[in-house]
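A short write-up of the structure that comes next.
Values in this text are rule-based calculations from the coordinates and carry no lab data. No experiment lies behind these values; they were computed from the predicted model shown. Using ideal geometry, Cβ is built from the backbone for each residue, glycine included, and neighbour counts are taken over all protein chains shown.
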Amino acid sequence: MLTIDDLGDLRGKRVLVRSDFNVPLDGSTITDDGRIRAALPTLRRLVDAGAKVIVTAHLGRPKGAVDPAFSLGPVASRLGELLEAPVTLAPDTVGEGAKAAAAELAEGQVLLLENIRFDARETSKNDAERAELAKDLAGLAEVFVSDGFGVVHRKQASVYDIAKELPSAVGSLVQTEVEALRRATVDPGRPYVVVLGGSKVSDKLGVIANLLTKADRLLIGGGMVFTFLAAQGYRVGSSLLEEDQIEVVKGYLDTAADRGVEILLPTDIVVAPEFKADSPATVVPAADMPADQIGLDIGPDSGAAFGAAIREAKTVVWNGPMGVFEFDAFADGTKAVAEAMVDATAEGAFTIVGGGDSAAAVRTLGFDEGGFSHISTGGGASLEFLEGKTLPGIDVLN
């Protein structure tokens, strides 16, 4: 991949940067600015180089229409605070307002275009429509830098098609992400442990299938674990269950046994009558879940077993929380995984937190991000990388 170093002298040049600013909002308040902070190294480098920086990004799913609830206004304000310099928000994506603002940029200044998904062409399945938007974006700049890892698995105008219009390279964030994931998947240090959680096993079918050829241990938690427990013949109460995936999971268990890959499942579960923060929690054996209870976290014995497996590892990749970490009563399993990863990192293991809810959990639960080797900004992109898929936004740059 070409990097910013390969683009030559950028002083005075208009550089279009695709960032990932899809941050969670409470009204107009950003509740987790991790993705904005992750973009700072590339943006600061371009500012210091004297480039005229034009940033394009998305927020939420406005469905191709202008929706004030998804305006990047709060992002522009926070980005300006972090850069300690004003960040102008264009009034539109590629319209007359954006063109005028781009033309007025001075060296070292930053312009943020309004939410690119306000333009339906961004996510269009029609190649010609996306190409048209890419040309409009290219008309604003002279160089393109891809730095939104959270979207490189999408064939979208500001991610894929734009790279065909301008001299292009990856920013430091994408470069770091790819290098970290390659290190975890190409000749990783062993034991190689992968921790998978989250709600649905169907979201991770391809990942599991691929990892059964690479990992030494798979640790399964979160809502997806109940399909695994059902595949072993256990009743799972009113927990999340994908009955149509039970036979698939049985196949994974058989394949793992044939290949000598250990799949470690919880032996105890934290259950409650309802999916509520104040619902009374009880720890029960995984093999004996009450019919009227819902599983919301792995139990303490399971957390200890998962922690021990992680601390023995030389490479650990974690994607998906172990329970409903947003509720204090059901956060201990996720905490146990995070604590063990911090310990493993301190002992020299290479550890990756695979973006999405896992990254949010690390920050929400108060862990120092420096305690992990790498925290990814792209949950979906990380999963597809682990699955062995081609990422269009990366492939187009090679």
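So what is Rg over Rh here for region 116-219, counting just Cα atoms and using Kirkwood for Rh?
Across region 116-219, the Cα-based Rg/Rh ratio is 1.09.
Rg (Å, one decimal) plus Dmax (Å, integer) for the alpha carbons of region 227-371?
15.6, 44
What ranking of ASP33, ASP26 emerges when the number of other C-beta atoms within 10 Å of each C-beta is taken as an exposure proxy, fewest first?
Fewest to most other Cβ atoms nearby, the residues stand as ASP26, ASP33.
Using only the alpha carbons, work out the radius of gyration and Dmax of region 287-398 in angstrom.
Rg and Dmax of region 287-398, Cα atoms, are 15.5, 53 Å.
Would you compute the Debye intensity of region 162-266 from its alpha-carbon atoms alone, equal scatterers and no solvent, and pass along log10 I(q)/I(0) at q = 0.11, 0.15, 0.24 Å⁻¹ to two decimals?
-0.44, -0.69, -1.29
At q = 0.13 Å⁻¹, what base-10 log of I(q)/I(0) does the Debye formula yield for region 1-138 when every alpha carbon is treated as an equal point scatterer in vacuo?
Once normalised to I(0) and log-transformed, intensities are -0.55.
Please compute, for the alpha-carbon atoms of region 77-149, the extent along each of the three principal axes and give them in descending order in Å.
Principal-axis extents of region 77-149 (Cα, largest first): 40, 25, 22 Å.
Taking R0 as 35 Å, what FRET efficiency do you get between ASP278 and GLU247 from their Cβ-Cβ distance, rounded to the nearest 0.05?
Efficiency, from the Cβ-Cβ distance: 0.40.
Can you list, largest first and rounded to whole Å, the semi-axes you get for region 17-67 by taking the square root of 5 times each eigenvalue of its Cα gyration tensor?
Result for region 17-67: semi-axes of 24, 14, 8 Å.
Please express the shape of the chain as an equivalent ellipsoid: the semi-axes are the square roots of 5 times the eigenvalues of the C-alpha gyration tensor, given largest first in whole angstrom.
Semi-axes from the Cα gyration tensor: 40, 22, 19 Å.
What pairs from LYS63/LYS250; LYS200/LYS335; LYS155/LYS276; LYS200/LYS276; LYS155/LYS314 go past 31 Å between their alpha carbons?
With Cα atoms farther than 31 Å apart: LYS63/LYS250; LYS155/LYS276; LYS155/LYS314.
Using only the alpha-carbon atoms of region 2-41 as identical scatterers, what base-10 log of I(q)/I(0) does the Debye formula give at q = 0.25, 0.26 Å⁻¹?
So the normalised log intensities work out to -0.90, -0.94.
Calculate the spin-label point distance for ASP395 paired with ALA103, positioning each point 7 Å from the Cα along the beta-carbon direction, and give it in nanometres.
Label at ALA103, label at ASP395, 3.9 nm between them.
By per-residue mean of other Cβ atoms within 10 Å, what is the highest-first order of 315-323, 73-81?
Those peptides, ordered most packed to least, come out 315-323, 73-81.
Helix 127-138: angle to the longest alpha-carbon principal axis of the chain, degrees 0 to 90, nearest 10?
Helix 127-138 and the main axis of the chain meet at about 60 degrees.
To the nearest Å, what is the center-to-center distance of region 75-95 and region 224-243, using C-alpha atoms only?
Their Cα centres are 46 Å away from one another.
In nanometres, what is the gap between the two model label sites at ASP32 and ALA291, each 7 Å from Cα along Cα-to-Cβ?
Between ASP32 and ALA291, the simple spin-label model gives 3.7 nm.
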